[in-house]
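Okay, structure first, notes after.
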Amino acid sequence: MKLNLRVWRQKNAETDGAMASYELDGISPDMSFLEMLDTLNEELIVSGEEPVAFDHDCREGICGACSLVINGDAHGPERTTTCQLHMRSFQDGDTIDIEPWRASAFPVIKDLVVDRTAFDRVIQAGGFITAPTGAAPEAHATPVPKPDADLAFEHAECIGCGACVAACPNGAAMLFTSAKVNHLNVLPQGAPERETRVLDMVAQMDEEGFGGCTLAGECATACPKGIPLMSITSMNKEWLRATRKSKR
Ligand code: FES
């Protein structure tokens, strides 16, 4: 395959960026999107140019590190992570625009790499449970009803990639935050912090500068793990319940 790439290049957070054009030949349809970028970088290095900086780690769709807006879509044309996107999703001769996540709470560090530590601080605000130290508890001591276990697992699938924020017209982080809140709030192990968790995580989310949710639904459409839009509704109910309880 022969491709025309238009890639966002930005030296650092302080400088302005711009799209740069590159022609790339000999790309196999079986390559992953990141392998295609590896090929571009090999060519750039050989010609003495600076390679394109982009985030990646597991390349198996599980860590959430990869983060590219491809032709205007978070993670590109398929509902998957960028690392699991393959070049067979494109045509020979295609022009492909590659940009970093666009959100004021995710400032660009360099080229296609953005700072997602805002997510870490949201997690630190309440994404934990209180567990006594000592020997491991008996596995059957705290029974979890199957529907609750399934619901917790559905939300635990969030890999924190930030596609929801990048896809949202408001740059909101409600889908991410709701996945993390609901994951623990539906389990008995998460019950002691049920109220403080949702109040603190939502407060931290607001403090980080994410936009407000207008239920546009783009987040759930872009989410590579299929976190449902209903997750936001569940978190809103948790937040209202916690707010009422804290005012009693
Ligand atoms: S590199 Fe880990 S999910 Fe893509």
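Largest accessible area first, the residues M230, M235, M1 order themselves as M230, M1, M235 under a 1.4 Å probe with ligands, DNA and RNA left out.
Can you give me the C-alpha center-to-center distance between segment 1-37 and segment 80-108, rounded to a whole angstrom? The distance from the Cα centre of segment 1-37 to that of segment 80-108 comes to 9 Å. Across segment 110-197, C-alpha contacts under 8 Å between residues 6 or more apart give a mean separation that, scaled by the residue count, equals a relative contact order of 42 percent. Taking the C-alpha atoms only, the angle from helix 230-246 to the longest principal axis of the chain is near 40 degrees. Here's the picture: charge each Lys and Arg Cβ at +1 and each Asp and Glu Cβ at -1 in segment 1-151, and of I129, H56, I70 the one pushed furthest to the positive end of that dipole is I129.
A simple spin-label model places the labels of E78 and A135 4.9 nm from each other, with each point 7 Å out along Cα-to-Cβ. Using the Cβ-Cβ distance between E23 and T117 with R0 = 51 Å, the FRET efficiency computed as 1/(1 + (r/R0)^6) comes to roughly 0.90. Taking all Cα pairs closer than 8 Å and separated by 6 or more residues, the relative contact order of segment 3-110 comes to 34 percent.
State, to one decimal in nm², a quarter of the convex hull surface area for the C-alpha atoms of segment 60-152, i.e. the direction-averaged projected area.
Numbers: hull surface 39.6 nm².
Here the figure is 9.9 nm², rounded to one decimal.
The slack between N71 and K11, meaning 0.36 nm per residue of separation minus the straight C-alpha distance, is 19.4 nm.
Nearest 20 debye, what's the magnitude of the dipole of segment 116-246 about its Cα centre given +1 on Lys and Arg Cβ and -1 on Asp and Glu Cβ? Before the final figure, lay out each step's value.
Numbers: 11 positive and 14 negative charges, 40 e Å.
In total the dipole reaches around 200 debye.
Seen against the Cα atoms of the chain and their longest principal axis, helix 194-207 is set at about 40 degrees. The GluC sites (Glu not before Pro) of segment 125-228 that DSSP puts in a loop, and whose beta carbon has at most 13 other beta carbons within 10 Å, are E138. On a per residue basis, segment 116-246 carries 50 Å² of accessible surface, using protein heavy atoms and a 1.4 Å probe. Each Lys and Arg contributes +1 and each Asp and Glu -1, all at the Cβ; summed about the Cα centre of the chain, the dipole is approximately 1500 debye. Rolled with a 1.4 Å probe across the full set of protein chains, the surface gives S89 an accessible area near 40 Å².
Simple rule: put +1 on each Lys or Arg Cβ and -1 on each Asp or Glu Cβ in the chain, find the dipole, and look at H86, F106, T177; the Cα lying farthest toward the positive end is T177.
Of the residues L187, C219, G209, the one whose Cα sits farthest toward the positive end of the charge dipole of segment 175-223, with +1 on the Cβ of Lys and Arg and -1 on the Cβ of Asp and Glu, is L187. Per-residue ellipticity at 222 nm from helix content only, as computed over the chain with -39500 (n - 2.57) for each DSSP H run of at least four residues, stands at -10500 deg cm²/dmol.
Taking only protein heavy atoms and a 1.4 Å probe, the accessible area of segment 156-205 is 55% carbon and sulfur. Heavy-atom accessible area, probed at 1.4 angstrom with all protein chains present, ranks I96, I129 as I129, I96, highest first. With an 8 Å cut-off on Cα pairs and a minimum separation of 6 or more residues, tell me the relative contact order of the chain in percent. Relative contact order here is 19 percent.
The values are calculated or read from the model by the stated rules, or taken from the named source; none is laboratory data. Model, not experiment: these values are computed from the prediction. Note: ideal-geometry Cβ built from the backbone for every residue, glycine included; neighbour counts use all protein chains shown. All accessible areas refer to the heavy atoms of the entire protein, side chains included, with ligands and DNA or RNA removed. Shrake-Rupley method; radii C 1.70, N 1.55, O 1.52, S 1.80 Å.
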